[in-house]
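Participant: The structure that follows is given in the form of structure tokens.
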Amino acid sequence: MQVGLKVWRFNSRSGERELQEFEIDAPEEATLLDCLDIVKDRHDGSLAYRKSCRMMICGSCGMRMDGAAVLACQVRMYDVVQEGRVPVISAMGNLPIVKDLVVDMGPFWEKFRSVDPFLQPGYQEPPDGREHLIRQERMNVIHKEALCINCGCCVSECNAMESDPRFIGPQALAKAMRFVGDPRDGEKLARLEKLNGEHGIWECTRCYFCNERCPKGVDPRDAIAKLGAESIAEGIDRDMGAKHANWFVHSARTTGWLRETELVPKTQGVVSAIQQTKFALSLAKRGKVPPPFPPHVAENVQEARALYDVVKTRGVKGAAGIVQGERALSRIEHMNHDDEKSEE
Ligand code: SF4
Ligand code: SF4
Ligand code: FES
């Protein structure tokens, strides 16, 4: 098949950037990585990109195709050709480009190392010398996080890193959850304390692009939600993000509404609220802010309270209470299936 590719070339020494177009002959089963190999072998040997395993294991071949991060060895080009597309290939985002499609992974590994990505055992050895066994259910909490291959596709798409390059980022946070949720680790609280600091978990804007682009189904945003839930369950709730989450739960339980008017004093403190009085008054004048007192209570508030009680009585705390993307989707599919059945 004939494959068209537009590749962003970049030379970090000269700063030159150029969109170069290639037309190649490739077998029908070719992946994007195979096509780049053909370009390099037969058309332009100076094209730079990374690869190793060619089977979605090593995480080396992360790059962007039409603006979205992919593993080049995962993308089959047949469908792209059938659609008549000539995709634009470029280097991953949020990392400095060294040459063409090769990025400097230094900042990525620095963040990875910052979360101490290794087990720090904190369990009692069984006295009889037998191995220390963990129930499968305990390990299921971190099953997805353990699948990460460090490819950087999530980091490439992270909105929070774009606005604050010092944000720890989705990959390092998913890795952190891998150890926070491991029942054998003895440093859970110290890890959570650190992750609740500046540039930590609460800086995530919940854009969910990391979940969308992760090729291994790690769902880093879910890992960050689990870290938040574990922090709150352990009483580490000093950050504005944690206060924000706590207030939303309290507000929904007591009135059935998200009382945003009180959100600023409850999460940022009274001083900050006073500083924003002028802005709040201008919103109130335009009817954008309901009066805070008496708090408006929803007609069916008992439903919100019942929901809260159901969650409480289930006794699900911390990470175990986070509904993960993949499970949520399968539940929705299941529900749809049930609906169809009931209509039969
Ligand atoms: S959900 Fe959070 S961590 Fe994931 S890409 Fe968006 S801002 Fe980054
Ligand atoms: S979380 Fe997913 S996208 Fe991010 S580095 Fe790991 S495997 Fe790649
Ligand atoms: S070459 Fe190893 S993941 Fe693509």
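The values are calculated or read from the model by the stated rules, or taken from the named source; none is laboratory data. Because the structure is predicted, anything quoted here is derived from the model rather than measured. All Cβ positions, glycine included, derive from the backbone under ideal geometry; neighbour counts span all protein chains shown. Protein only, heavy atoms only, side chains kept; ligands, DNA and RNA dropped before computing areas. Shrake-Rupley method; radii C 1.70, N 1.55, O 1.52, S 1.80 Å.
Participant: How many of the residues in the stretch 22-46 are surrounded by 19 or more Cβ atoms within 10 Å (Cβ to Cβ) and either in a loop (DSSP other than H, G, I, E, B) or of a type in the set (K, R) (or both)?
Facilitator: 2
Participant: Residue by residue through the stretch 49-68, note down the ones that are small (G, A, S), more than 10 Å from ligand 3 (Cβ to nearest atom) and in contact with a Leu (Cβ under 7 Å, 6 or more places away or on another chain).
Facilitator: none
Participant: Something else: Please enumerate the residues belonging to the stretch 40-74 that are more than 21 Å from the chain's Cα centre (by Cα) and within 16 Å of ligand 2 (Cβ to nearest atom).
Facilitator: R50, K51, S52, C53, M55, C73
Participant: Quick one: how many residues across the stretch 149-166 are buried (at least 23 other Cβ atoms within 10 Å of the Cβ) and not in a helix (DSSP H, G or I)?
Facilitator: 3
Participant: When residues of the stretch 129-141 are filtered for being over 26 Å from C154 (Cα atoms) and open to solvent by less than 90 Å² (accessible area, probe 1.4 Å), how many remain?
Facilitator: Of the residues in that region, 3 qualify.
Participant: Where residues in the stretch 84-123 are open to solvent by less than 60 Å² (accessible area, probe 1.4 Å) and in a helix (DSSP H, G or I), which of them is farthest from L47 (Cα to Cα)?
Facilitator: Selected residue: S114.
Participant: Report whether or not L19 is surrounded by fewer than 18 Cβ atoms within 10 Å (Cβ to Cβ) and at pLDDT 95 or above.
Facilitator: yes
Participant: Name the residue, out of R178, R191, that is open to solvent by 30 Å² or more (accessible area, probe 1.4 Å), touching a helix residue (DSSP H, G or I) at 6+ places or on another chain (Cβ under 8 Å), assigned to a helix (DSSP H, G or I) and at pLDDT 95 or above.
Facilitator: Checking each option against the conditions leaves just R178.
Participant: Now for a separate question. Just one of (1) touching a residue at least 40 places away in the same chain (Cβ under 8 Å); (2) part of a loop (DSSP other than H, G, I, E, B) trips up Y78, so point out which.
Facilitator: Every condition holds for Y78 apart from (2).
Participant: Moving on to the next point. Any chance the stretch 94-106 includes a residue that's in contact with an Asp or Glu (Cβ under 6 Å, 6 or more places away or on another chain), away from ligand 2 (no atom under 16 Å from the Cβ), among the β-branched types (V, I, T) and more than 30 Å from N196 (Cα to Cα)?
Facilitator: yes
Participant: While we're looking at this one, here's another question. Test each condition in (1) in contact with a Pro (Cβ under 9 Å, 6 or more places away or on another chain); (2) open to solvent by 30 Å² or more (accessible area, probe 1.4 Å); (3) under 23 Å from R64 (Cα atoms) for G169 and report the one that comes out false.
Facilitator: (2)
Participant: Answer yes or no as to whether G200 is open to solvent by less than 20 Å² (accessible area, probe 1.4 Å), more than 9 Å from ligand 1 (Cβ to nearest atom) and touching a residue at least 12 places away in the same chain (Cβ under 8 Å).
Facilitator: Against the criterion (open to solvent by less than 20 Å² (accessible area, probe 1.4 Å), more than 9 Å from ligand 1 (Cβ to nearest atom) and touching a residue at least 12 places away in the same chain (Cβ under 8 Å)), G200 qualifies.
Participant: Quick check on this structure: which one of L283, L307, L329 is open to solvent by 80 Å² or more (accessible area, probe 1.4 Å) and either small (G, A, S) or at pLDDT 75 or above (or both)?
Facilitator: Sole residue among the options that is open to solvent by 80 Å² or more (accessible area, probe 1.4 Å) and either small (G, A, S) or at pLDDT 75 or above (or both): L307.
Participant: Hey, R221 hits all of (1) in a helix (DSSP H, G or I); (2) more than 30 Å from F179 (Cα to Cα); (3) among the basic types (K, R) but one; which does it fall short on?
Facilitator: Among (1) in a helix (DSSP H, G or I); (2) more than 30 Å from F179 (Cα to Cα); (3) among the basic types (K, R), the lone unmet condition for R221 is (2).
Residue by residue, here is whether (1) hydroxyl-bearing (S, T, Y); (2) under 23 Å from the mean Cα position of the chain (by Cα) holds:
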{"site": "G217", "(1), (2)": "no, yes"}
{"site": "A223", "(1), (2)": "no, yes"}
{"site": "N246", "(1), (2)": "no, yes"}
{"site": "S282", "(1), (2)": "yes, no"}
{"site": "K288", "(1), (2)": "no, no"}
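Participant: Could you list, in sequence order, the residues of the stretch 238-265 that are assigned to a loop (DSSP other than H, G, I, E, B), more than 16 Å from ligand 1 (Cβ to nearest atom) and open to solvent by less than 60 Å² (accessible area, probe 1.4 Å)?
Facilitator: G256, R259
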